[in-house]
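> The structure is given below, and queries will be raised subsequently.
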Amino acid sequence: MSLVHGYVIDHQTGQPLEAKVHVLDAGGRPVFPADAIRKVGPGLSGFYTDGEFTVDVPTGFTTIAVERGTEYEPLETTIRVDFGQPTELTLPLRRWTRLPEMGWYPGNTHIHYDEHEDRPDERLRLDPRVHDLHVTVVSILQRGDMAYATNTYPVGLLTDFTSAHHVVDCGEENRHNQAAWEIGYGHVIFLRLVEPVLPISRGVLVDDGDPDYPPLCYACDEARRQRGLAIWCHNGIGMEAPVAAILGKLDAFNLFDPYWVNPQEFQIWYHLLNCGIHLPASTGSDWYICSNNRVYVQVEGTFSYETWLEGLQAGRTFITNGPALFIRVDDSRPGDTIFGGRNGRLEIEITWQSHYPIDSVELVYNGQVMSSQSFPEGNQSGVWRIPLTAQEDGWLAARVFSTRRDSFYQPVFAHTSPVWVHVGNPSVACASSAALLVKSLDEAVGWVRTSGKFDAMRQQAEVLGLFERAKSAYRELL
């Protein structure tokens, strides 16, 4: 066995970098320092380093891969280790893009550490830097009496972990399931809280006798009273998602927390957008940082948590696990609304850049792919200009896909938030999406009436009243 000493530095400045390291010995087995914070999630096994690490490996060839966030090019090298001879090597990471210099700052809005994490402080100090996140949000949650490690943090800004370039907030995941592992009303994340929103959970997440009350809309109202933000989780899963959306309770919509699977996961969000509900795209990784998912927010002026949240609420976002993706419609950007006459002609520009080659880029108009480009050999950057005659109201967004996979073995993707278009002609998609959401709410009302548990008829009546208000709002769009 022999020691390998590694030093991870920035290629340009020569400064040490916190990073994620994967070491494979001659037999292809992962090797870790004894006291390392280990990577969590699928894909390559690895560990965190603050810029310097030492591993003990057997004689022969050792492969070392290093990465930091998604804006640095991963580095891989294979070295020969001789018996009893220490080896030193410097591992310079080169940055392929600098999005913060363009006003775009990455964040992860949904993270928990489970009850098995015994070094949460060390992990939380390294997570924002290893994954190169300007905003990191961990959240308290309740599932029975399970003692999640991140539940030990108080809600609010965690000043011990926060610096000028890395904000760490402790929020809350407010939840309801209709059965032990079956989502009921749904899950919603709160950011920038002053104090916990109670109850954190209701129904079977507390115990078998706990009522399915209060609804999550009430919790969103309380979070808003504290100037908090409410973000729906898990691609809109949950019977109350259409209710909270149409009644204006939400600030953003988390997609793909924790993993992207297929384009169908966009569909609930698309239906809500088709109904004219302005819901910016956001994302997170849920259990630890188990994927490269991040939301980039365009900040006006100097970066701070306040300016980042303002950009998120305004819809100036794209979500990604790697590629940088931008859309302009005339002179407008995501979150903006373009007003024009019928059959208004628009000039659309989609720009992308990616370390991993992408296979396709698509323009989405009211939930349908209006135009696309494919790259059988892969493509790492480009500008695509598309003229479009907007014949109905709605929204436009861009998305990219790839069969290439990152070190978490996740397919590469990105999606912008929408640019809104108003030409005075209601879209066909609006009515069809509204009809689908009314049908889903009819099913939810049936569950509340026949299966929901309540301590008083008043509680059931309040929940039914919310759902009926939402149904009425969607029926007006038919």
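> State the three equivalent ellipsoid semi-axes of the stretch 238-304, derived from the C-alpha gyration tensor as the square roots of 5 times its eigenvalues, in descending order and whole Å. Could you put the intermediate results ahead of the total?
Values: eigenvalues 90, 67, 24 Å².
The equivalent ellipsoid of the stretch 238-304 has semi-axes of 21, 18, 11 Å.
> Further, regarding this structure: Work out how much length Ser45 to Asp442 would gain on full extension: take 0.36 nm times their residue separation and subtract the Cα-Cα distance, in nm to one decimal.
Computed gain between Ser45 and Asp442 is 138.3 nm.
> Moving on to the next point. With the other protein chains left in place, how much accessible area per residue, in square angstrom, belongs to the chain at a 1.4 angstrom probe? Kindly include the intermediate steps, with their values, before the conclusion.
Values: 18780 Å² over 478 residues.
That works out to 39 Å² per residue.
> Moving on. For the stretch 167-184, in order, what is each residue's ³J(HN,Hα) by Karplus, 6.51 cos²θ - 1.76 cosθ + 1.60 with θ = phi - 60°, in whole Hz (x at glycine and Pro)?
8, 10, 10, 10, x, 8, 9, 9, 9, 8, 10, 8, 8, 3, 10, 10, 5, x
> Same structure, new question: Rounded to the nearest 5, what is the percent of antiparallel bridges among the DSSP beta bridges in the stretch 142-293?
Numbers: 13 of 20 bridges.
Approximately 65 percent, going by the DSSP bridge assignments.
> For the stretch 422-478, what does the convex hull of the Cα positions come to per residue, in cubic angstrom? Intermediate results must be reported in sequence, preceding the final value.
Numbers: hull volume 4.0 nm³, N = 57.
For the stretch 422-478, the hull spanned by Cα atoms encloses 70 Å³ per residue.
> Moving to a separate point now. Tally Lys/Arg at +1 and Asp/Glu at -1 over every other residue whose Cβ is under 10 Å from the Cβ of Ser291; what's the total?
Combined, the nearby Lys, Arg, Asp and Glu give -2.
> Give, rounded to the nearest 20 debye, the magnitude of the charge dipole that the stretch 7-104 has about its Cα centre when Lys and Arg contribute +1 at Cβ and Asp and Glu contribute -1 at Cβ.
Dipole size: approximately 280 debye.
> Also, I was wondering about something else. I want the antiparallel fraction of DSSP beta bridges within the chain, as a percent rounded to 5.
On the way: 86 of 114 bridges.
Roughly 75 percent of the DSSP beta bridges within the chain come out antiparallel.
> Follow-up question, since we're still on this one. So how far apart, in nm, are the two label points at Val428 and Trp96 if each is 7 Å from Cα heading toward Cβ?
Those two pseudo-labels are separated by 4.0 nm.
> Report the label-to-label distance for Asp331 and Glu310 in nanometres (one decimal), using points 7 Å from each Cα along the Cα→Cβ vector.
My value for the distance between the label points is 2.1 nm.
> If you don't mind, another one. Would you work out the charge dipole size for the stretch 257-327 about its Cα centre, treating the Cβ of every Lys and Arg as +1 and the Cβ of every Asp and Glu as -1, and quote it to the nearest 20 debye? Please list the in-between numbers first.
Details: 2 positive and 6 negative charges, 31 e Å.
Around 140 debye, computed over the stretch 257-327.
> Turning to a different aspect of this structure: Among 310-318, 230-238, 46-54, what's the highest-first ranking by average C-beta atoms within 10 angstrom per residue? Numbers along the way, then the final one.
Values: 310-318: 22.0, 230-238: 23.8, 46-54: 19.0.
Listed from highest to lowest mean packing, they are 230-238, 310-318, 46-54.
> If you don't mind, another one. Label-point separation (nm) for Leu198 and Gln267, each offset 7 Å from Cα along Cα-to-Cβ?
Calculated label separation equals 4.1 nm.
> Want the number for Glu468 to Ile79: 0.36 nm per residue separation, take away the alpha-carbon distance, what's left?
The Glu468-Ile79 span can extend by a further 133.5 nm.
> Say R0 is 60 Å: what FRET efficiency, to the nearest 0.05, do Glu476 and Thr63 get from their beta-carbon distance?
Numbers: r = 61 Å, r/R0 = 1.01.
The calculated FRET efficiency here is 0.50.
> Let me ask something else about it. Return the FRET efficiency for the residue pair Asp35, His11: r is the Cβ-Cβ distance, R0 is 30 Å, and the value is rounded to the nearest 0.05.
Taking R0 as 30 Å, the efficiency between Asp35 and His11 is 0.65.
> For His166, project a label point 7 Å along Cα to C-beta. Then give me every residue of the stretch 125-157 with its amide nitrogen under 12 Å of that point.
125-136, by backbone N distance to the label point.
> For the chain, what does the helix formula give at 222 nm: sum of -39500 (n - 2.57) over DSSP H segments with n ≥ 4, over the residue count, nearest 500 deg cm²/dmol?
Numbers: 7 runs with 87 residues, N = 478.
One gets -5500 deg cm²/dmol as the mean residue ellipticity at 222 nm.
> Please give the peptides 456-465, 127-136 ranked by average Cβ packing (other Cβ atoms within 10 Å per residue), highest first, as a rough proxy for protection.
Values: 456-465: 14.5, 127-136: 23.8.
Most protected by this proxy first, the peptides run 127-136, 456-465.
> Let me ask something additional. Label the stretch 1-160 by shape, choosing from rounded, prolate and oblate, from the square roots a ≥ b ≥ c of the eigenvalues of the Cα gyration tensor; if a/c is under 1.5 it is rounded, and otherwise prolate applies when a/b is larger than b/c, oblate when it is not.
Values: a/c = 2.55, a/b = 1.44, b/c = 1.76.
In terms of gyration-tensor shape, oblate.
> Around His110, which amide H atoms from residues at least 5 apart in sequence, or from another chain, sit under 5 Å from its own amide H, with H modelled in the peptide plane?
HN-HN under 5 Å from His110: Val137, Ser285, Asp286.
> Further, regarding this structure: Can you tell me the order of 152-165, 413-426 when each peptide is scored by its average per-residue count of other Cβ atoms within 10 angstrom, highest first?
Working: 152-165: 14.4, 413-426: 21.6.
In descending order of packing, they fall as 413-426, 152-165.
> Right, something else. May I ask what percent, to the nearest 5, of DSSP beta bridges between residues of the stretch 109-198 are antiparallel? Before the final figure, lay out the partial values.
Working: 9 of 16 bridges.
Of all bridge pairs located within the stretch 109-198, approximately 55 percent are antiparallel.
> While we're here: Please identify which residues in the stretch 235-271 have an amide N closer than 20 Å to a label point set 7 Å out from the Cα of Lys453, following the Cα→Cβ vector.
It comes to 239-240, nothing else.
The values are calculated or read from the model by the stated rules, or taken from the named source; none is laboratory data. Owing to the predicted nature of the structure, the values given are computational and were not obtained by experimental measurement. As a convention, Cβ positions derive from the backbone with ideal geometry for all residues, glycine included, and neighbour counts pool all protein chains shown. Note: areas computed on protein heavy atoms with side chains; ligands, DNA, RNA excluded. Shrake-Rupley method; radii C 1.70, N 1.55, O 1.52, S 1.80 Å.
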